[in-house]
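First up is the structure itself, then whatever we jot down about it.
The values are calculated or read from the model by the stated rules, or taken from the named source; none is laboratory data. Nothing here was measured: the structure is a model prediction, and the numbers come from that model. Using ideal geometry, Cβ is built from the backbone for each residue, glycine included, and neighbour counts are taken over all protein chains shown.
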């Protein structure tokens, strides 16, 4: 593990940086406040001063994931992909990454198992799906979009929970995408086209690449935030 500078001025950001690194390398379940405190040479009380629970630290990572996913959607648009195909790719890459990386799988399952973080996921994804599938459900109210997202998040959770030896990854991806697009009113022929495009790609390799890019993104963001905090504090002294 990279050296942690215990003299950095912003303890909160330092905790976020280390927690994110441990979550992504060792898994959420294997990371504790006591482990974070030991590495940073601080007390667990210092951590709970900023974060009431480990869930609150995972929520910070989830919020950054939403930003990262939005950037991927923008990148896909620049590459000529439709927003619907990009959304389908997101489902496939998450399923693929979690099938290959136990720490990633643990993070996602823990997030979907947390009422607080699941609420964040549902609210974020509801707004995203409104933009992507609004043309297919123009009559839906906000309550209907909320209800749909509650069902969709359950499908996503079930996809991650089901071991690959029981349900092969291609079948999980196909079933999840087909079911979700059907909920949003996408015609069957269009659903088949999107799924065929996903399977024309090396989605396993894509899942690994995107997970690696997310880790790099998190490291960069956290390091930049710490440097900015240092500059701000130095400017005040």
Evaluation of residue 66 against (1) buried (at least 19 other Cβ atoms within 10 Å of the Cβ); (2) in the same structural domain as residue 100 (by TED's automatic domain parsing) (one fails), failing number: (1)
How many of the residues in segment 143-157 are free of Cβ contacts under 8 Å to residues at least 12 places away in the same chain and over 16 Å from residue 182 (Cα atoms)? 1
Give, as residue ranges, the helices (runs of 4 or more DSSP H) completely inside segment 63-133 that count at least 2 residues that are touching a residue at least 40 places away in the same chain (Cβ under 8 Å), farther than 21 Å from residue 198 by Cα and in contact with a helix residue (DSSP H, G or I) (Cβ under 9 Å, 6 or more places away or on another chain). 102-113, 115-133
Just one of 147, 103 is in the same structural domain as residue 205 (by TED's automatic domain parsing), closer than 24 Å to residue 59 by Cα and crowded, with 17+ Cβ neighbours inside 10 Å; which is it? 103
